[in-house]
Amino acid sequence: MKSSFELALERLNKSAPTVKLTAKQKAQLAEFDSQYAAKIAQREIALNAEISRVADEPDKAEPLRDQLIHERKKLQAELADKKEAVRQSAK
């Protein structure tokens, strides 16, 4: 007798089957993670240095903080798009 969890997994696999990735695709995903972690860190270091220089001027520091948040989200979205493209090619 199957548990409700096993039945739910079967239904999920019918509606959205799991994608089997090759070793090359897994390596590509890992490479994307590494590249984008470096890009994000690079932007954080640069913008945090600028924020530190103008820390005593809130009117200048706040736009830099907003820019940091925006750039981090943009890079994370790019990463997600690239990873999704790899996953879609596996289907």
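The values are calculated or read from the model by the stated rules, or taken from the named source; none is laboratory data. Everything numeric in this text was worked out from a predicted model, so none of it was measured. No Cβ is skipped: glycine too gets one built from the backbone with ideal geometry, and neighbour counts run over all protein chains shown.
Of note, Asp81 satisfies the criterion of being assigned to a helix (DSSP H, G or I) and within 18 Å of the chain's Cα centre (by Cα).
Selection over the range 53-78 of residues that are modelled with pLDDT under 95, in a helix (DSSP H, G or I) and surrounded by fewer than 11 Cβ atoms within 10 Å (Cβ to Cβ) gives a count of 2. Taking each residue of the range 6-33 that is within 12 Å of Arg87 (Cα to Cα) and looking for partners that are assigned to a helix (DSSP H, G or I) and modelled with pLDDT of 85 or more with beta-carbon atoms closer than 7 Å, six or more apart or interchain, yields Val19/Arg87; Gln25/Val86; Gln28/Val86; Leu29/Lys83; Leu29/Val86. Listed by first and then second residue, the pairs with beta-carbon distance under 8 Å, at least 6 apart or on different chains, first residue in the range 45-58 and among the small types (Gly, Ala, Ser), second assigned to a helix (DSSP H, G or I), are Ala55/Ala61. For the range 1-38, the set of residues classified as assigned to a helix (DSSP H, G or I), hydrophobic (A, V, I, L, M, F, W, C) and at pLDDT below 95 consists of Phe5, Leu7, Ala8, Leu9, Leu12, Ala23, listed by residue number.
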